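As structure tokens, the structure follows; a few thoughts come after it.
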Amino acid sequence: MSILGSLDWNDIFIVPFFTDPSLSTGIAAGAGGIVVLGALAVMVLLTVKGWWKPLWSNWITTLDHKKIGVIYIVLALIMLIRGVLEAVVMRAQQVSPAPGFLSVEHHAELFSTHGTIMIFFVAMPFLTGVINVVMPLQIGARDMEFPFMNAVSLWLSIGGAALVMASLVVGHFETGGWTAYPPYTGIKLSPNEGVDYWIWSLGLTSVGSTLSGINFLVTIYKQRAPGMKLFDMSIFAWATLCTAILMIFAMMPLTVASLMLALDRQAGFHFFTATQGGNMMNFANMFWLFGHPEVYILILPAFGVFSEVIPTFSGKKIYGYTSLVWATIAIAVLSFTVWVHHFFTMGQTAHLNAIFGIATMTIGVPTGVKVFNWMLTMWRGKLRFSTAMLFSTGFIFTFVIGGITGVMLANPTIDFATHNSLFLVAHFHNMLIPGLLFGMFAAVNYWFPLCFGFRLDEKWGRRSFWLWMIGFYGAFMPLYAIGLMGAPRRMAFFTEPAYFPWLVIAMLGALCVLAGLTAQIIQVWVSVKNRESLMVPAGDPWDGRGIEWSLGCPVPEYDFSTIPAMTSREPWVDAKEAGKRVMDPTEFVDIHLPKPTGMPFLVGLVATLFAFAMIFQMWLIAAVGFVAMWVLVLIRSYDTDWEETVTAEELREGYEAHKRLVETTPQIRLDDEFTTKNRGLIMETQV
Amino acid sequence: MDYINSDVGMDSAEYKHDMARYVWGFALSVVLTLAGVVIVAGGVFSTGLAWSIVGILGIAQLVIQFWAFMHLDFSKEARPDLYLVLFTFLLIILMAAGTVWVLADLASRMGMGAGSM
Ligand code: HEM
Ligand SMILES: [Cu+2]
């Protein structure tokens, strides 16, 4: 075999179009073309604008948790665009006259990449990014416990995403869905590199996520401001704590199962082949040992976001803090006890199914507690419907519907009828779009000023909300209906005329979602253009409650000039009620921040090279990449000169400057929150 | 440990205390491992009993190493770490026992003995 392994000309994206021209291969060539041209366009832009250097020194080499968070979120948004576009193509396919314009293979590739991308390269980086930005600021830390490892996680995730993008240009992705169950994904039935793309891109990100989980957990355990007990933390920090635990323990079964699949495929093992004593059912079992906790990894951070946004825009403190925390903990633990509900139909005894069905319904209880917490927080509050608040209330509404259909599916007898139907597809989108995306959108709208110093445009924000909300109902309510009528999931086309009207509505809904996404892109564009008038340099543009709002916007690299004194659960609210507009400083001391370094980027690069080589069986290159990765980590481990100092004097100057700014910022009322008068620090009690 | 970077030095009480723990941990680990070897090699016990004893010895060694090398005990400072370790075990048991349960249940429905799983 050559050094290039199994790679050959036919793997290059435009070749199949010339050898076998059709609309389906044309679309594939077009998608590959978009990736290539997109990459070229970005390079040209960077060169013309002279942005390579700032990109390298301000972003790629950064170890600052806020910037790392921003990069994660940008990654998630780029992948979201691809995911939504794929969804629209699938919807178009199903409304065009059977057999549609896509080959069956190509359609299968689309739902597989859509699912994989949405879960691993949209949802995960999105929530990891938001946690990175916000959590340290809420616990009074200056950085993550392991800033270098944090950057390594980031570049591993980007590497994984890059591989999925590469599958558009070189070779194919797999066709076995985001779950990639063998035996279909075994080497016999899926001989090409598709499944290996799935295995190795997930391999990179799942290692990245495990490391992120460790980082978050240790940061919360070790870096809280002095005096802050666990039960003084914000709900978002609690959500992060539970998410981190889930990340540490839940990614492992996936990594193991996918590596076992790799051994089956490439090294002649038989973990999941029926013929030689293997058992493919164990793959389903292991996959969902990961998969169910995973959905709580996706949802808990969003719950945390809503628990911050709703109190702020209701002008009230969160209702039932303690019950909310215990509900979060209960969900985290219970999430490890229900995985079998994803394969009720696999053949276990009814007895076993019944137990897991009941366990599943139990999770509805703490989740219900949370819903009441949010509603009672809003009860009799003075509600202000910012974009973030709209997404939060839209979430409560919609999520409850998804929860109800979830409890229905938890009943094994019902699940036997709805398993693998579009009813299920409707259910999990009904959980994930409000319970994940809306949460992350709310988070971006809410915390954006911390990173960039200006608010996002409210008008386009609200438009995007309504488009997403209406689009969601349009795209997924019809699927409940035809799911109950018997429509299976993952079908390239339907011949049943009764489904057709519903599929048309779903298509329109998907277009509406696409419009919502476009509105968000416009929102960012407009906000950047008008940033001068949207600046909130004094910080706290929404009369917020967490200590992150005691900082000026954008937050300086060292975050806190002095670590805040945690005199209560909400010291910033106390300070504002006492008429203060800055928190009293504690002690100014010299601090150390990690220096920027290109090493994490290089580690990610060689790790991606290794993974790519594994996909195409270029064993020599893979070995080199693997060794290089560890050599780089070793070199870094011997680097003793990795910190730089910020002196107490600089910190004091920073504090004084912020104080002067705050004192000269005119006081405005809450009613002017969304106007250009808002330069930060609006307050209810003032003039 | 703090004394590595601090000037407390190698003759502090803390150092001696930790060192004693390490030595105990090492010695007990060796003893328990050898005991396992002897039990199997000796062939006095029936297979089932030997398996169980070796299992118990293994668990004992795990506990000892947590105590000696990971500084885990019932003191107040070690409490959060203890909770995390116990929680970890809870999850591992859930996953491992759950997997065995599910696969054995499936095997029973396929008319296979538990051994052919
Ligand atoms: C934004 C609007 C979205 C639309 C219009 C959409 C549409 C679709 C469609 C048409 C399918 C294929 C259904 C079938 O099997 O026939 C699908 C599958 C899927 N979607 Fe989405 N989706 C959207 C967002 C999301 C999001 C946000 C997530 C997760 C965070 C997600 C995760 C998935 C997963 C996991 C699958 C299953 C893939 C598989 O069958 O393996 N989707 N979606
Ligand atoms: Cu589940």
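The values are calculated or read from the model by the stated rules, or taken from the named source; none is laboratory data. These figures come from a predicted structure and were not determined experimentally. Don't worry about glycine lacking a Cβ; one is built from the backbone with ideal geometry, like all the others, and counts go over all protein chains shown. Remember, those area values only see protein heavy atoms, side chains included, never the ligands or the DNA or RNA. Shrake-Rupley method; radii C 1.70, N 1.55, O 1.52, S 1.80 Å.
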| message | Sort B:76-87, A:169-180, A:192-203 by packing, meaning the average of other beta carbons within 10 Å per residue, with the highest value first. | response | A:192-203, A:169-180, B:76-87
| said: From zero outward in steps of 5 Å, how is the percent of C-alpha pairs of the stretch B:23-116 spread across the bins? | reply: 2, 12, 13, 14, 15, 16, 13, 8, 5, 2, 0
| field | Assigned charges on the beta-carbon of Lys, Arg, Asp, Glu; the protein assembly as shown dipole about Cα centre (debye) | value | 1700
| Accessible area of the stretch A:57-185 belonging to carbon and sulfur atoms, whole % at 1.4 Å probe | 75
| note | Relative contact order in percent for the stretch A:18-157 (Cα pairs under 8 Å, 6+ apart) equals 35
| task | Determine ³J(HN,Hα), in whole Hz, for all residues of the stretch A:100-117 in sequence, where each value follows from phi through the Karplus function 6.51 cos²θ - 1.76 cosθ + 1.60 and θ = phi - 60°; x replaces Gly and Pro. | result | x, 9, 9, 5, 4, 4, 5, 4, 5, 4, 5, 6, 5, 5, 4, x, 4, 5
| remark: Note to self: C-alpha centroids of the stretch A:591-645 and the stretch B:36-66 sit apart, in Å, by 42
| message | Probe of 1.4 angstrom, ligands and nucleic acids ignored: what's the accessible area per residue over the protein assembly as shown, in square angstrom? | response | 43
| note | Rounded to the nearest 0.05, FRET efficiency between A:Leu23 and B:Trp101 (Cβ-Cβ, R0 35 Å) equals 0.10
| request: Given the options B:Met95, B:Met19, B:Met70, state which has the largest fluctuation in a GNM of chain B using a 10 Å cut-off (strictly under) for Cα springs. | output: B:Met95
| query | Taking each residue of B:91-98 in turn, how many C-beta atoms of other protein chains fall within 10 Å of its C-beta, and what is the average? | reply | 5
| query | Of A:Leu110, A:Gly160, A:Gly171, which is farthest along the charge dipole of the protein assembly as shown in the positive direction, counting Lys and Arg as +1 and Asp and Glu as -1 at C-beta? | reply | A:Leu110
| Near the amide H of A:Ser421, under 5 Å away, which other amide H atoms are found, from residues 5 or more places off or on another chain, if H is placed in the peptide plane? | A:Arg489
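Please give the average number of partner chain Cβ atoms lying within 10 Å of the Cβ of each residue in A:399-407, rounded to a whole number.
Whole-number average of other-chain Cβ neighbours for A:399-407 is 0.
For the stretch A:476-552, what % of the accessible area comes from carbon and sulfur atoms, probe 1.4 Å? Intermediate results must be reported in sequence, preceding the final value.
Working: 2350 of 3240 Å².
Within the stretch A:476-552, the accessible surface is 73 percent carbon and sulfur.
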| said: Which one, B:Ser75, B:Ala27, B:Tyr15, is farthest towards the positive end of the dipole of chain B when Lys and Arg carry +1 and Asp and Glu -1 on their Cβ? | reply: B:Ala27
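Regarding the stretch A:51-535, what is the average projected area of its C-alpha convex hull, in nm²?
Orientation-averaged projected area of the Cα hull: 23.0 nm².
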| How large is Rg/Rh for the stretch A:1-50, to two decimals, with Cα atoms and a Kirkwood Rh? | 1.16
| Estimated vicinal HN-Hα couplings, Hz - the stretch A:444-459 in sequence order (Karplus 6.51, -1.76, 1.60; Gly, Pro = x) | 5, 5, 7, 9, 3, x, 4, 8, 10, x, 10, 7, 8, 4, 6, 4
| field | Dimensionless Rg ratio for the stretch A:356-399, taking C-alpha atoms and the 2.2 N^0.38 Å reference | value | 1.44
| query | What is the spin-label model distance, in nm, from A:Ile470 to A:Trp56 if the labels are put 7 Å beyond Cα along the C-beta direction? | reply | 4.8
| How would you rank A:252-259, A:625-632, highest first, on the average number of other Cβ atoms within 10 Å across their residues? | A:252-259, A:625-632
| remark: Computed from the beta carbon distance with a Förster radius of 22 Å, FRET efficiency for B:Leu86 and A:Val218 to the nearest 0.05 stands at 0.80
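Multiply the residue gap between B:Tyr22 and B:Thr47 by 0.36 nm, knock off their C-alpha separation, and tell me the result in nm, one decimal place. Don't skip to the answer; put the middle values down first.
Values: separation 25, 0.36 × 25 = 9.00 nm, distance 3.34 nm.
Full extension from B:Tyr22 to B:Thr47 adds 5.7 nm.
Arranged from highest to lowest average of other beta-carbon atoms within 10 Å per residue, in what order do the peptides B:37-48, A:604-615 appear? Numbers along the way, then the final one.
Values: B:37-48: 10.7, A:604-615: 23.1.
Top of the packing list down: A:604-615, B:37-48.
At 222 nm, what helix-only mean residue ellipticity would chain A give, in deg cm²/dmol to the nearest 500, using -39500 (n - 2.57) for each DSSP H run of four or more?
Working: 22 runs with 430 residues, N = 687.
Calculated mean residue ellipticity at 222 nm is -21500 deg cm²/dmol.
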| Between B and A, buried accessible area summed over both sides at probe 1.4 Å, in Å² to the nearest 100? | 2000
| Average beta-carbon neighbours from other chains, 10 Å sphere, peptide B:101-109 | 6
| field | 0 to 90° range, to nearest 10: angle between helix A:648-664 axis and chain A longest Cα axis | value | 80
| task | Express the carbon and sulfur contribution to the solvent-accessible surface of the stretch A:1-50 as a percent, rounded to the nearest whole number, probe 1.4 angstrom. | result | 78
| task | Could you pull out every residue, at least 5 positions away or on a different chain, whose amide H is within less than 5 Å of the one on A:Ile12? Hs are placed 1.01 Å off N in the peptide plane, and Pro or chain starts have none. | result | A:Gly171
| query | Roughly how tilted is helix A:235-267, in degrees to the nearest 10 and between 0 and 90, from the longest Cα axis of chain A? | reply | 20
| query | In angstroms, what radius of gyration and Dmax does the stretch A:318-391 have, counting Cα atoms only? | reply | 17.0, 53
| task | Compute the accessible area of each residue in the stretch A:331-350 twice, once for its chain alone and once with every protein chain present, using a 1.4 Å probe on heavy atoms, and list those whose area falls by at least 30 Å². | result | A:Val333, A:Phe336, A:Trp339, A:Gly347, A:Gln348, A:Thr349
| field | Rel. contact order, % - alpha carbon contacts under 8 angstrom, at least six apart, chain A | value | 16
| remark: The ³J(HN,Hα) series, computed from each phi in the stretch A:523-531 with the Karplus coefficients 6.51, -1.76 and 1.60 at θ = phi - 60°, rounded to the nearest Hz and given as x for glycine or proline, is 4, 5, 4, 4, 5, 5, 5, 9, 4
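R0 = 30 Å: FRET efficiency of A:Thr345 with A:Ile12, Cβ-based, nearest 0.05? Working shown, then result.
Working: r = 41 Å, r/R0 = 1.35.
E(calc), rounded to 0.05, equals 0.15.
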